[in-house]
Amino acid sequence: MSPAGEQDASAGGHDRRVVPLEDGRIALGSVALRVFPHSRRIRAYLRWSDKGRTREAYLGEVDGDTRSVNLQRAWALAREKGIALPDTLAAQSPAATAWASSVDVTASMRGNRSRDTKPELRLRSSLHALGLRYRVAIRPLASIRRTADVVFTGVKVAVFVDGCYWHGCPEHYRPAKRNTEFWSDKIEKNQQRDAETDRLLEQEGWIVIRVWEHEDASIAAERVRGAVLVARRRNQDRHSRGY
């Protein structure tokens, strides 16, 4: 069995090797086992890549009779500690629910992609069909490290496409059954960051639009177009008044 196949089998499937990162990004994790020669104890570590750098977290000791059993126990430890996605979330299938694209393994294979997700591409396609032109994945305010998914720089409209789980969608978010406090805290911090981002942009005259990943792209695009038209009229009014 290949190393990747071994990891898939021990984790319970390829889509169960998900490691959540900051800002809703994800990575594909792998368990490493290290035997200490003097004690013969086996220590397990979870490894993943984040922005080109290898990260590692110690999981604990395992004492199974075979490597396969130890890998399985290590993955269980990773979920118990909240380092890997809990079973209740990792088991969600993208085919079963639209919002599960946040943990879609294809995103992991694309290198922790934080842009060009399927919901973003659908929205951008609908916006383009409406004749709108925009910039992608830039900071509306250079001084603030917050990247919007679609930006209309001329009229100051910023669009964010939010994942249903990571941003606490009122329709689709379901709390994890294990390590509930850990995951709830993560999502609450994301929501606080979202609110702060909206406030900072609005203070600088930006219109902020947030689109849930489960939303119909064509309907969301019409909402964005409405905001762009409002912003254009606002700019025209200011220009006519000599501002």
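Which members of segment 164-215 meet the condition of being modelled with pLDDT of 85 or more, crowded, with 16+ Cβ neighbours inside 10 Å and aliphatic (A, V, I, L, M)? The answer is Ile187, Leu200, Leu201, Ile207, Val208, Ile209, Val211.
Applying the criterion of at least 1 residues that are modelled with pLDDT of 50 or more and closer than 26 Å to Glu222 by Cβ to the helices (runs of 4 or more DSSP H) found wholly in segment 64-137 leaves 118-129.
Checking each residue in segment 26-63 for being of a type outside the set (Lys, Arg), part of a loop (DSSP other than H, G, I, E, B) and over 30 Å from His167 (Cα atoms) picks out Phe36, Pro37, His38, Ser39, Asp63. Suppose we keep only residues that are touching a strand residue (DSSP E or B) at 6+ places or on another chain (Cβ under 9 Å), touching a residue at least 12 places away in the same chain (Cβ under 8 Å) and loosely packed, with under 13 Cβ neighbours inside 10 Å within segment 35-57. Which one would you say is farthest from Leu85 (Cα to Cα)? Among them, the one singled out is Arg41.
Only one of the numbered conditions (1) in a helix (DSSP H, G or I); (2) closer than 21 Å to Leu121 by Cα is violated by Val230, and that is (2).
Checking the structure you have, find out if any residue of segment 147-163 is surrounded by fewer than 18 Cβ atoms within 10 Å (Cβ to Cβ), closer than 30 Å to Arg17 by Cα and not β-branched (Val, Ile, Thr). No: zero hits.
The values are calculated or read from the model by the stated rules, or taken from the named source; none is laboratory data. This is a predicted model, so every value here is computed, not measured. Note that we place each Cβ from the backbone using ideal geometry, even for glycine, and neighbour counts take in every protein chain shown.
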